[in-house]
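The values are calculated or read from the model by the stated rules, or taken from the named source; none is laboratory data. Keep in mind it's a predicted model, so treat the numbers as computed, not measured. Here the Cβ positions follow ideal geometry from the backbone for every residue, glycine too, while neighbour counts run over all protein chains shown. When the accessible area is computed, the model is the full protein with side chains, heavy atoms only, and any ligands, DNA or RNA have been set aside. Shrake-Rupley method; radii C 1.70, N 1.55, O 1.52, S 1.80 Å.
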Amino acid sequence: MYRTAILTIVVAYFAYLLVRVDGDFVLAHARRKPEFWNGKVVLVTGASSGVGAALSEALASHGAKLVLAGHDRGRLEAVQKRCAATETRILINDASDLDSMPGVAAQAIQQFGRIDVYFNNAGRSQRSSALHTPISVHQELMQVDHFGPVALTLALLPELIQRKGSIVTT
């Protein structure tokens, strides 16, 4: 009986945490109320192009303060100019450098003193047949597309849990 009660409490707590950091929940709420983003501090990785750049521009139009993260300063500066309607900061990072992620998280938080929402968007793609793609390429992809975001998420979790923030993976 006692074990069942403890297990129920633990499961309920983790379910609560999942709802708090579930990206679909955050986006569904934000679509209904665009003012949700006004004044929020948002970290967007992979912000230098593609989905990350478009997402940053959309968030800027709703008043979010942005930390634009990526590895190409020139492209990040171009996105920053297109987000001129709001405060933006640039954070240069390498998503494959797992050991740097605690420092990246600290720098991101330092930009505005907090992070409310983390858009986990960094990634790389490979366009070749599996038959002709060496395992080293797969390892690089996993480092950037999986392990880098996991390392940054783990580094940001204390801040996001404390602030009741959110993680959105694109």
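Count of region 114-142 residues, restricted to those that are in contact (Cβ under 8 Å) with a residue 60 or more places away in the chain and of a type in the set (Gly, Ala, Ser), is 2. When region 46-75 is filtered for residues that are surrounded by fewer than 22 Cβ atoms within 10 Å (Cβ to Cβ) and touching a residue at least 60 places away in the same chain (Cβ under 8 Å), the ones remaining, listed by number, are Val51, Leu55.
Please note which helices (runs of 4 or more DSSP H) are completely contained in region 39-123 and include at least 1 residues that are farther than 21 Å from Glu159 by Cβ and acidic (Asp, Glu).
50-61, 73-82
Do the conditions hold for Ser100, that is, is it closer than 23 Å to Asp72 by Cβ, modelled with pLDDT of 95 or more and hydroxyl-bearing (Ser, Thr, Tyr)?
For Ser100, the condition - closer than 23 Å to Asp72 by Cβ, modelled with pLDDT of 95 or more and hydroxyl-bearing (Ser, Thr, Tyr) - is met.
Being open to solvent by less than 60 Å² (accessible area, probe 1.4 Å), more than 27 Å from Lys164 (Cβ to Cβ) and more than 16 Å from the chain's Cα centre (by Cα) is the requirement here; does Asp99 meet it? Criteria not met by Asp99.
Please verify whether Ile109 is touching an Asp or Glu at 6+ places or on another chain (Cβ under 8 Å), at negative phi, touching a residue at least 60 places away in the same chain (Cβ under 8 Å) and surrounded by 18 or more Cβ atoms within 10 Å (Cβ to Cβ), treating the condition exactly as stated. Against the criterion (touching an Asp or Glu at 6+ places or on another chain (Cβ under 8 Å), at negative phi, touching a residue at least 60 places away in the same chain (Cβ under 8 Å) and surrounded by 18 or more Cβ atoms within 10 Å (Cβ to Cβ)), Ile109 does not qualify.
The single condition among (1) part of a helix (DSSP H, G or I); (2) under 20 Å from Gly70 (Cα atoms) that Pro158 does not satisfy is (2).
Name every residue in region 142-164 that is hydrophobic (A, V, I, L, M, F, W, C), under 19 Å from Ile92 (Cα atoms) and open to solvent by less than 80 Å² (accessible area, probe 1.4 Å), in order of residue number. Result: Val144, Val150, Ala151, Leu152, Ala155, Leu156. Applying the condition of being closer than 13 Å to Phe36 by Cα and either hydroxyl-bearing (Ser, Thr, Tyr) or touching an Asp or Glu at 6+ places or on another chain (Cβ under 8 Å) (or both) to region 55-82 and asking which residue is modelled with the highest pLDDT yields Lys65.
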